[in-house]
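One structure is given below, encoded as structure tokens.
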């Protein structure tokens, strides 16, 4: 990570980055991309910031940085982690300087990288997120599984008295499965024993069956999938369209989907079986 004094010069344009070959040679590919993103985020910060009369200055606490598919494929692993960390530190410093010594309400900047398939290589789009205090998904400790209980045919009572009057319930066979994969991520599978499931980013107040996190363009509740006799009904209830084999389903619309067809929601590809 470069010293803040160096980063500040680049953001201020004091270093002749594009004027001399010597200055350009001092910047690596990492440095150039870092400065490009930092300037884009700073532009959004300046546009979004506001100070109520006699109050502290407010800034969005989170920024989603959208990259092209080509750039996203390059910035993965430790390289991606270093870019996000360096941007968060530098832009937190920048935010303090922007308010000119005034009290700043937002003391920490969070950033995440995502994909926008419409962007060309080298282009960047930044989205500010104001609801940084929105409910987060909570994880609770899993309860230990009860001991299996033997039951004679035609009898619902356990054979051993120490387990009380617990009745064994046979799990329902899944009606269908949804295979989903984030671009560049590992494939996951959701098996449903219900005829209708909900798909989306989810949150504490908006639980979903298939959780597609990491993309703010995916609504908390984005799609409803219903099992029909020989096919599926897919309803788009999010703010952005869904693609089925390249055909768009607009918000508020629904379409019939066959098993095996490709369904795209944000950065996720899904297939129903």
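With 42, 70, 48 as the choices, which residue is within 22 Å of residue 184 (Cβ to Cβ) and at pLDDT 85 or above?
That would be 70, the only listed residue that is within 22 Å of residue 184 (Cβ to Cβ) and at pLDDT 85 or above.
Examine the range 160-177 for a residue that is under 23 Å from residue 273 (Cβ atoms), out of contact with any helix residue (DSSP H, G or I) (no Cβ under 9 Å at 6 or more places or on another chain) and at pLDDT 90 or above, and state whether such a residue exists.
yes
Restricting the search to the range 219-248, which residues are over 24 Å from residue 175 (Cα atoms), surrounded by 14 or more Cβ atoms within 10 Å (Cβ to Cβ) and either more than 18 Å from the chain's Cα centre (by Cα) or modelled with pLDDT of 90 or more (or both)?
241
Report, by residue number, each residue of the range 40-77 that is surrounded by fewer than 17 Cβ atoms within 10 Å (Cβ to Cβ), out of contact with any strand residue (DSSP E or B) (no Cβ under 7 Å at 6 or more places or on another chain) and part of a helix (DSSP H, G or I).
Once the filter is applied, which keeps residues that are surrounded by fewer than 17 Cβ atoms within 10 Å (Cβ to Cβ), out of contact with any strand residue (DSSP E or B) (no Cβ under 7 Å at 6 or more places or on another chain) and part of a helix (DSSP H, G or I), the range 40-77 yields 43, 46, 47, 70, 73, 74, 77.
The values are calculated or read from the model by the stated rules, or taken from the named source; none is laboratory data. Remember, it's a predicted structure, so these values are computed and weren't measured experimentally. So basically every Cβ, Gly included, is an ideal-geometry build from the backbone, and we count neighbours across all protein chains shown.
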